[in-house]
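Novice: Please read through the structure below; I'll follow up with questions.
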Amino acid sequence: MNASFTICANNYLSSAKVLKESFSKYHPEIPFFIVLVDRKDASLNYNDFGGDSILFIDDIVDLNVSELSFKFNISELCTTLKPFVFTYLFKNNTKVVYIDPDIKVYAPLKECWDALNEHSFVLTPHLMSPIDDGKMPSDFMTLRTGIFNLGFIGLSAGAETDKFLSWWGERLLVYGYNDWDNGMFYDQIWANYIPVLFNKYYILKHYGYNVANWNWHERYIKIVDGEFIVNDKYPLVFFHFSSYKYAYPNILCRYNTRCSKENRPDLAPIFNGYYNDLTIAGAENMENVKAFYHQQNTDHVWKVNAPQRMLIRKIIRRLIKILKAI
């Protein structure tokens, strides 16, 4: 059996719903699960977002998630738990695909499922042609986050995958931070090792997979007979709306200084459609939804850093006195 899943907190449920519905449109026979790294919120009707397809992380992994939330922020926590969700789903499935919640599927993932017949891993690279034009993101910037983007990864069951998930999970419990200065970038940076430590991997070099701000320089989109086509050849399989904010619909990506709706009008229909999808999925109502483990991490960090904040306040007060005396 095959399965697919995403991971998020309650406040990201509208995005996860768009992903689930788009995936299920092209794969009605494959179950798609929304794994919530959160606690139940009485203000939410979970049937509006997938009902039985929603799994709560505390019910499916043998880890103290609450304790981990003191260590990791909510984004780090979600990605750190990814290998453990894979392990859970492999109890009843032979192929499992993970997809980030800020993705929408536009065509069947046929190339991925076919590759998993022969390979343990299916990976998509961030980009397939160099870019360093003085704008962001460049290939240098992207290199710091890893060769492969783990907003998407397909795995098939087997001894090699078991070895990978064990190793990956162990590393993330220690190093699953977003800390560029110390060489850490969530769960993703560890995928660099896959072609070295493992054998049955497949790098899916398909311009219609994982179209995102880091590769827009090499991917141009047209509408042909009502379908999105990339570079006049490849069907758009899925688009990754990384760093897109519903509250700021005209900003395609806050750190991308190369592309906008004005100089890349081919992207506008995709983003406009996605905004409408999010609106229908209830994104406006999700802005004030609290994520339990996010709040727990915030409260913990606030308490731990209390002495530092007191010292900073003292320094500021002293500087103010000095400036007044000048």
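Novice: Between a residue in segment 67-79 that is over 17 Å from Asp102 (Cα atoms) and any residue that is of a type in the set (Ser, Thr, Tyr) and part of a helix (DSSP H, G or I), which pairs come within a Cβ distance under 6 Å, given they are 6 or more apart or on different chains?
Specialist: Ser69/Tyr293; Phe72/Thr80
Novice: Go over the candidates Trp167, Trp214 one by one and state the one that is in contact with a Pro (Cβ under 6 Å, 6 or more places away or on another chain) and surrounded by 15 or more Cβ atoms within 10 Å (Cβ to Cβ).
Specialist: Trp214
Novice: Right, something else. Taking the criterion of being closer than 21 Å to Trp168 by Cα, of a type in the set (S, T, N, Q) and crowded, with 17+ Cβ neighbours inside 10 Å, would at least one residue in segment 56-64 satisfy it?
Specialist: no
Novice: So, in segment 4-40, of the ones that are among the hydrophobic types (A, V, I, L, M, F, W, C) and farther than 24 Å from Tyr293 by Cβ, which residue ends up surrounded by the fewest Cβ atoms within 10 Å (Cβ to Cβ)?
Specialist: First pass over segment 4-40, keeping only residues among the hydrophobic types (A, V, I, L, M, F, W, C): 5, 7-9, 13, 16, 18-19, 23, 30, 32-37.
With the extra rule that they be farther than 24 Å from Tyr293 by Cβ, the set shrinks to 23, 30.
Working: Phe23: 23, Ile30: 18.
Top of the filtered list is Ile30.
Novice: Select, from Pro101, Pro28, the only residue that is touching a Phe, Trp or Tyr at 6+ places or on another chain (Cβ under 8 Å) and modelled with pLDDT of 95 or more.
Specialist: Numbers: Pro28 fails: touching a Phe, Trp or Tyr at 6+ places or on another chain (Cβ under 8 Å).
The conditions single out Pro101.
Novice: Ok, one more. For Ser22, state whether it is assigned to a helix (DSSP H, G or I) and touching a Lys or Arg at 6+ places or on another chain (Cβ under 9 Å). Steps first, please.
Specialist: Working: assigned to a helix (DSSP H, G or I): yes; touching a Lys or Arg at 6+ places or on another chain (Cβ under 9 Å): yes.
Yes, satisfied.
Novice: Also, I was wondering about something else. Could you tell me whether any residue of segment 56-64 is of a type in the set (A, V, I, L, M, F, W, C), part of a loop (DSSP other than H, G, I, E, B), out of contact with any strand residue (DSSP E or B) (no Cβ under 6 Å at 6 or more places or on another chain) and more than 23 Å from Phe292 (Cβ to Cβ)?
Specialist: Going residue by residue through segment 56-64, those that are of a type in the set (A, V, I, L, M, F, W, C) are 56-57, 60-61, 63.
From the residues that got through so far, the ones that are part of a loop (DSSP other than H, G, I, E, B) too are 61, 63.
Imposing the further condition that a residue be out of contact with any strand residue (DSSP E or B) (no Cβ under 6 Å at 6 or more places or on another chain) reduces the set to 61, 63.
Among the residues that remain, those that are also more than 23 Å from Phe292 (Cβ to Cβ) are: none.
Scanning segment 56-64, I find no residue that is of a type in the set (A, V, I, L, M, F, W, C), part of a loop (DSSP other than H, G, I, E, B), out of contact with any strand residue (DSSP E or B) (no Cβ under 6 Å at 6 or more places or on another chain) and more than 23 Å from Phe292 (Cβ to Cβ), so the answer is no.
Novice: On to the next question. Taking Asp187 as meeting all but one of (1) at pLDDT 95 or above; (2) surrounded by fewer than 16 Cβ atoms within 10 Å (Cβ to Cβ); (3) charged (D, E, K, R), write down the number of the exception.
Specialist: In the conditions (1) at pLDDT 95 or above; (2) surrounded by fewer than 16 Cβ atoms within 10 Å (Cβ to Cβ); (3) charged (D, E, K, R), Asp187 misses (2) alone.
Novice: Answer yes or no: is there a residue in segment 36-50 that is within 19 Å of Asn92 (Cβ to Cβ) and either modelled with pLDDT of 95 or more or in a helix (DSSP H, G or I) (or both).
Specialist: Let us first name the residues in segment 36-50 that are within 19 Å of Asn92 (Cβ to Cβ), namely 50.
Filter once more, so that each one left must be either modelled with pLDDT of 95 or more or in a helix (DSSP H, G or I) (or both): none.
The answer is no; no qualifying residue exists.
Novice: To continue, here is another question. Please go through segment 190-199 and give me each residue that is surrounded by fewer than 19 Cβ atoms within 10 Å (Cβ to Cβ), in contact (Cβ under 8 Å) with a residue 24 or more places away in the chain and within 18 Å of Phe152 (Cβ to Cβ), ordered by number. Let's see the steps before the verdict.
Specialist: So in segment 190-199, the residues surrounded by fewer than 19 Cβ atoms within 10 Å (Cβ to Cβ) come out as 192-193, 195-199.
This time we only want the ones that are in contact (Cβ under 8 Å) with a residue 24 or more places away in the chain, so: 192, 197-199.
Those that are surrounded by fewer than 19 Cβ atoms within 10 Å (Cβ to Cβ), in contact (Cβ under 8 Å) with a residue 24 or more places away in the chain and within 18 Å of Phe152 (Cβ to Cβ): Asn192, Phe198.
Novice: If you don't mind, there's one more thing I want to ask. Please state which one of Phe164, Phe271, Phe239 is touching a strand residue (DSSP E or B) at 6+ places or on another chain (Cβ under 7 Å) and of a type in the set (A, V, I, L, M, F, W, C). Can you show your working first?
Specialist: Details: Phe164 fails: touching a strand residue (DSSP E or B) at 6+ places or on another chain (Cβ under 7 Å); Phe271 fails: touching a strand residue (DSSP E or B) at 6+ places or on another chain (Cβ under 7 Å).
Exactly one of Phe164, Phe271, Phe239 is touching a strand residue (DSSP E or B) at 6+ places or on another chain (Cβ under 7 Å) and of a type in the set (A, V, I, L, M, F, W, C), namely Phe239.
Novice: Scan segment 75-107 for residues that are closer than 16 Å to Trp168 by Cβ, touching a helix residue (DSSP H, G or I) at 6+ places or on another chain (Cβ under 7 Å) and assigned to a loop (DSSP other than H, G, I, E, B) and jot them down.
Specialist: Correct list: Leu81 only.
The values are calculated or read from the model by the stated rules, or taken from the named source; none is laboratory data. For clarity, every value in this text was computed on a predicted model and none was experimentally measured. Cβ: placed from backbone, ideal geometry, glycine included. Neighbour counts: every protein chain shown.
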